[in-house]
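The values are calculated or read from the model by the stated rules, or taken from the named source; none is laboratory data. Bear in mind that the values here come from a model prediction, so they are computed numbers and not experimental data. Neighbour counts run over all protein chains shown; Cβ positions are idealised from the backbone, glycine included. Each accessible area value is taken on the protein alone, full model and side chains, heavy atoms only, with ligands, DNA and RNA left out. Shrake-Rupley method; radii C 1.70, N 1.55, O 1.52, S 1.80 Å.
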Amino acid sequence: MEHKSITPSPPATGCIEISKSTERGCIPRKTAECNRVTVRLVTCFLQSPTNWLCLITLILLPLAVFGQTMAFEFVWDDPWRFFENFNISQLSVSNISQAATTDMFMFVPYLIWYLLKMLGGGTYDPFYFHLFNLGIHISNGLLLFCFLFRMTRHKGAALFGTLLFLVHPLQTEAVCYVSNLGGLTGTFFGLILVNLLVKNTKASYVVALAVFIPAILSKPIMAGLPLTVFVIFFVVLCSGFKKSLIKTLPFVIILVPVLITTNLNQPDVAIQVQSPLWARPLIFMDAVNFYLLKVINPLTLAATYARKPHTLILEWWFFIEWVIPVLFGTAALLLRKKQPWFLTALTMIVAGFLPVSGLVIFGFQEWSTVADRYFYFSMAGISLFLSCMVRHINKQAVWSIPVLVIGLLALRTSLVQVPVWKTNLSLWDHCIAITQSEGRAYNNRGKELIEMGRLNEALNDLNKAVTLRPENEFARLNRGAVFHMQGKYDEAVQDYTEAIKINPQLAKAYFNRGTTHYALNKNVEALNDYNTLLSMQPAHAKGYNNRGNVLRRLKQFQSAITDFTTAIQLDPNFTPPFYNRAMTYLGILDFQNAITDLSRYVIANPNHEDSYIKRGGALLRLKRPKEALDDFNHALEINPNNPETKKKIQQILEMLEPKKSN
């Protein structure tokens, strides 16, 4: 049964109007009336089978579009974040706070990642992470539908706006990129907040304040929310300018300490990327235009656009394009009384990416001043704008246009944009095809090709990355790794040294250069590199293991044993220190400890031939020939063509033969 109260005829004073007593399109201030309207709308909505179909569509369509992501890998920064960053790879309840504090105060994502790790049996399974991202995205759609339905009182318009939010290609990066969980959860709490505010009750205001805390602790990009709060009070709820400011002030008070702490923890690269103060408003205007263009034409989306401050100010159009957002803003201000939804939507759009709009310096600006994931919350503003526009459509036939738009966008997202994020290789292939001037894309693809063993292709990409941006320390780091694998040790050392000159705090460069120095038999240089590495990262298990190898080569056996033991204590699952410590024990004729370590090592590496040979030799020295024979036989099974093993077996059999005859 349909209820006329759900879809009334459009009011003359704006789409946000709830009842005839409302002035200037504002939501009524009386709490009781507001609650009665809310209950009536929700009750009527849930009684209609058509409305239930709307809710099912809001769940199934994004699931159909993004469901494929549950079979995707970790991409981009995900592997570093979950496997190489010690604070996260060893994530536990005790160090969640430490990890979040050093990473933009993202307490909420870190807590969720820890729970997902536990769900995966203590490991990082991409399935659970992608599933959770998709679940939050769908939840955000349901929250947005509630907000749009309340603002428009038109289920068709609310459904259109929400589906646009859920399936637009511009949303792909935010959903598929696991490391962007903070943007998704921040939007989740942000949408709860705006739904609470428009209820216009004291209780909902208090709860909204509480909800703002996890929103801002999800990701600093949500710092623009107080601007949305002010506009909702001033324009939507007609609270008056002074009263709106007073009601917004508590949100600002909560925000300030988080912003200060986040700014203090900005990476050094953010400080290096400087843009003139006079250019920052223009960079902001450029970002507005860029995102609006991508909403209209999402055919050339990429992980990064190489849209940097120093390149923007060289373009002539950069100095005139500001006219477009200024015109939009002026129109929204002039129409704020008759069409309050216009200013509300525009504010949500701008507030969503305000902290990363170029008005202030931020870390990713070294890559680009814009990124698809930054527009995730802002898309809710686009949805509000278009919902309020299409609600005036009265002819059934005209509604086929919005339906067609949603269908085409869903197909584009599902068939083209989402598969881009399946693997690192597909991601950077696509990015390079769109943005050929981005050196980091070549570096990232080169790194992926290294892991695939395609060294010549990787070297071509890394050469291109260094050419496009000579100061890219990571390109030099990765190219050094290729040179090392190809046996070109001098070239590798040169690249590692250049990387260190660019970034003296790049610990991995010291680790890699130490490894190459070791291969060149430059033990003192290798020792210096590992000493520097461990002074920077005292919990680096591989660093202790490698330094132990250098010390063993320098005949400093006790120091080597200490380093191997430290490596084992830091990471008991890292097995090479057991083997290396065993070799050190053999060097000082401590056969029993060598046997113990080799026994631990072969449990994790049952096909390591040399371990059985070495353990067999140690057992022989301890007069245990039968056990030694078992080890050499095991080694022969692994490598039947080793003549030394056959010879040793024969010798042991001859040793045992007299005992048999007796």
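Just a few scattered comments:
- Peptides ranked, highest mean first, by Cβ atoms within 10 Å: ranges 356-368, 236-248: 356-368, 236-248
- Using a cutoff of 8 angstrom between alpha carbon atoms and counting only pairs six or more residues apart, the relative contact order for the stretch 550-662 works out to 16 percent.
- If only the Cβ of Lys and Arg carry +1 and only the Cβ of Asp and Glu carry -1, the dipole of the chain around its Cα centre is close to 2040 debye.
- Ignoring aspartates and glutamates fewer than eight residues from Lys155 along the same chain, the ones with Cα atoms less than 20 angstrom from its Cα are Glu2, Glu17.
- The spacing between the stretch 114-172 and the stretch 557-592, judged by their C-alpha centroids, is 50 Å.
- Accessible area in square angstrom per residue, the chain, 1.4 angstrom probe: 44
- Rounded if a/c under 1.5, otherwise prolate or oblate - the stretch 476-540, Cα gyration tensor axes: oblate
- Across the chain, Cα pairs under 8 Å and at least six residues apart give a relative contact order of 11 percent.
- Global form of the stretch 154-248, assessed from the alpha-carbon gyration tensor, a/c cut-off 1.5: oblate
- The alpha carbon centroids of the stretch 206-265 and the stretch 311-373 are separated by 19 Å.
- Ordering of 583-591, 53-61, 136-144 by burial proxy (mean other Cβ atoms within 10 Å per residue, highest first): 136-144, 583-591, 53-61
- 19 Å Cα-Cα threshold exceeded, pairs from Lys447/Lys522; Lys614/Lys648; Lys242/Lys337; Lys522/Lys555; Lys243/Lys337; Lys199/Lys338: Lys447/Lys522; Lys199/Lys338
- Charge-dipole axis of the chain as Lys and Arg at +1 and Asp and Glu at -1 on Cβ define it, positive-most pick from Ile324, Ile432, Gly120: Ile324
- Shown here: Cα extents along the principal axes in Å, derived from the displayed model; of the candidates (i) 112, 56, 45; (ii) 77, 66, 40; (iii) 79, 68, 64, it corresponds to (i).
- Taking Cβ atoms as reference points and 13 Å as the exclusive limit, the residues near Lys501 contribute a net charge of -2, counting Lys and Arg as +1 and Asp and Glu as -1.
- Length-normalised contact order for the stretch 529-587 - Cα pairs under 8 Å, 6+ apart - percent: 31
- The angle between the Cα long axis of helix 489-502 and the longest principal axis of the Cα atoms of the chain comes to about 40 degrees, rounded to the nearest 10.
- Take each peptide in 460-473, 215-228, count the other Cβ atoms within 10 Å of every residue, and average; sorted highest first, the result is 215-228, 460-473.
- Summarising the amide proton neighbourhood of His154: residues at separation of 5 or more, or on other chains, whose placed amide H is nearer than 5 Å comprise an empty set.
- For Gln569 and Thr201, the FRET efficiency from 1/(1 + (r/R0)^6), where r spans their Cβ atoms and R0 equals 45 Å, is about 0.20.
- Theoretical FRET efficiency, 1/(1+(r/R0)^6), r = Cβ-Cβ of Lys501 and Lys338, R0 60 Å, to 0.05: 0.45
- The stretch 580-662: C-alpha gyration tensor shape, a/c 1.5 cut-off, then a/b vs b/c: oblate
- Cross-link partners of Lys422 among aspartates and glutamates, defined as those whose alpha carbon lies under 12 angstrom from its own and excluding same-chain residues fewer than eight positions apart: Glu73, Glu173.
- Reachable aspartates and glutamates from Lys646, criterion Cα separation under 15 angstrom, eight or more residues apart if same chain: Glu609, Asp610, Asp630, Asp631, Glu637, Glu654
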